[in-house]
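Since the structure comes first, as structure tokens, the remarks are kept for the end.
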Amino acid sequence: MTVSTIAHRTARLPNGLEIQAEVDPSAHTAAVGFFVRTGARDEPVELMGVSHFLEHMMFKGSERRTAEDVNRDFDEIGASQNAFTTNELTAYHAHVLPERMHEALDILADMLRPALREKDFDEEKGVILEEIAMYADQPFWVGYEAMMERLYAGHPLAHRVLGTHASVSALTRAQMADYFTHRYTPDNAVLVAAGRLDFDALVDEAARLCGHWAPAKPVRAHPRWKPSTAHATVELANTARAYLILSMPAPAIQDDRRYAAGMLMHVLGGGDGSRLHWALVEKGLAEEASASYDGHDGMGDSTLFAVCDPDKVDEIEAVLRGELGALVASLTDDDLVRARSRIATGAAVASERPAGRMFRLGTLWGYGAPYSTLDEEVARIERITLGDLRACAEEFPLEPMVRVAVMPRI
């Protein structure tokens, strides 16, 4: 892999806004975005869902732009733009031709100082409540939220990203504005860019557009967490299939053992060649079966998932637990080689476009991870040994603590 033409540049404005870019003179496009270190875990329980709601409000316009202006201005520069909210990050981004990047930055920076008009707030609240109702009908999403609420019981990572019908219904514009003031600060955000761009010009533009933003020194709470053990069955009227989720603690995203945790789950359920595919999908016992590792700020989890006939839930669960229990003893060098290759290929493919590199920069920053090149990341993956996988499984036992089954309501 050759990335010698790509240069990583950094700067910081006096108000604390960090700026990072991977400059690639050979790229045909450029991507730019703001990542804010705030999400569902940073919300008081009574404001659950405010981060996601606020993401929607950014697109309703600023003092300079209406919602129609925002959409039209993005369209006029041919931007591919979007935003997302997770438990721990919120991001706003655009992918454009290089000569349009500063126009995209102008729109994004303006969006991040929203007007929060009462009329827009009231209208969008209805949209959010409809979204909550829509996801409440999706079996996997229902099961995932139930799993997070139980595994992270007592910790803010248990918060729902969308919030609840009750929390969103009760939310006021004043509460949202206060949350915005304390969390959407330059010292809690990063401006990231990748592709063909002039970094010095980017910094100058950022200073002009964002230099007046006021810092507030926001912090993230890291309460002590003791994983909870729980079994739950959730009944839904609109599903004919069973959705089974088993989950357990895993390394934090800042922990180097995350590489081993990811490989363990990849060998177990990372695709067509995985243990779960051959044990469940290939045999026709389950429609889907997978395993994944998900790292968070200060903690993490590994999760097994299967979709099957409701009458087969007990049988499927036995297979899932059996394959998980036999995983470490059955690991081979071939497993390691295949996992390394698949993960490295996935990382490379994701980084082929400037947007992928921009996302990587923003995510690294969001979790306080030091910058590394893609080559360095791949080299780190290549150094993982079977011993590392076994040590990770010993430190983070592959023993599910939470079991959630979403079943048809009879």
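Data overview
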{"read-out": "Test result for Leu361, within 20 Å of the chain's Cα centre (by Cα) and either assigned to a helix (DSSP H, G or I) or surrounded by fewer than 18 Cβ atoms within 10 Å (Cβ to Cβ) (or both)", "value": "yes"}
{"read-out": "Check on Val203, closer than 19 Å to His52 by Cα and either without any contact (Cβ under 8 Å) to a residue 40 or more places away in the chain or in a helix (DSSP H, G or I) (or both)", "value": "no"}
{"read-out": "Of all residues in segment 213-225 being touching a residue at least 24 places away in the same chain (Cβ under 8 Å) and out of contact with any His (no Cβ under 9 Å at 6 or more places or on another chain), the one that is nearest to His93 (Cα to Cα)", "value": "Trp213"}
{"read-out": "So Met57, is it farther than 21 Å from Thr363 by Cα, of a type outside the set (Val, Ile, Thr), at pLDDT 95 or above and under 19 Å from the mean Cα position of the chain (by Cα)", "value": "no"}
{"read-out": "Count - residues of segment 319-343 that are surrounded by fewer than 18 Cβ atoms within 10 Å (Cβ to Cβ) and free of Cβ contacts under 8 Å to residues at least 60 places away in the same chain", "value": "9"}
{"read-out": "Selection status of Asp335, closer than 20 Å to Arg275 by Cα, at pLDDT below 95 and more than 18 Å from the chain's Cα centre (by Cα)", "value": "yes"}
{"read-out": "All positions within segment 47-93 that are touching a strand residue (DSSP E or B) at 6+ places or on another chain (Cβ under 7 Å) and of a type in the set (A, V, I, L, M, F, W, C)", "value": "Met57, Met58, Ala67, Val70, Phe74, Ile77, Ala79, Ala83, Phe84, Leu89, Ala91"}
{"read-out": "Selection count where residues are at pLDDT 95 or above and not in a loop (DSSP other than H, G, I, E, B), scope segment 373-402", "value": "11"}
{"read-out": "Tally of residues being in contact with an Asp or Glu (Cβ under 9 Å, 6 or more places away or on another chain) and not hydrophobic (A, V, I, L, M, F, W, C) across segment 128-155", "value": "2"}
{"read-out": "Helices (runs of 4 or more DSSP H) contained in segment 48-157 and holding at least 2 residues farther than 27 Å from Trp213 by Cβ", "value": "118-135, 139-151"}
{"read-out": "Top-ranked residue in segment 1-25 [being modelled with pLDDT under 95 and among the polar types (S, T, N, Q); ranked as surrounded by the fewest Cβ atoms within 10 Å (Cβ to Cβ)]", "value": "Thr2"}
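The values are calculated or read from the model by the stated rules, or taken from the named source; none is laboratory data. Small disclaimer: the values here were computed from a predicted structure and weren't measured. Neighbour counts run over all protein chains shown; Cβ positions are idealised from the backbone, glycine included.
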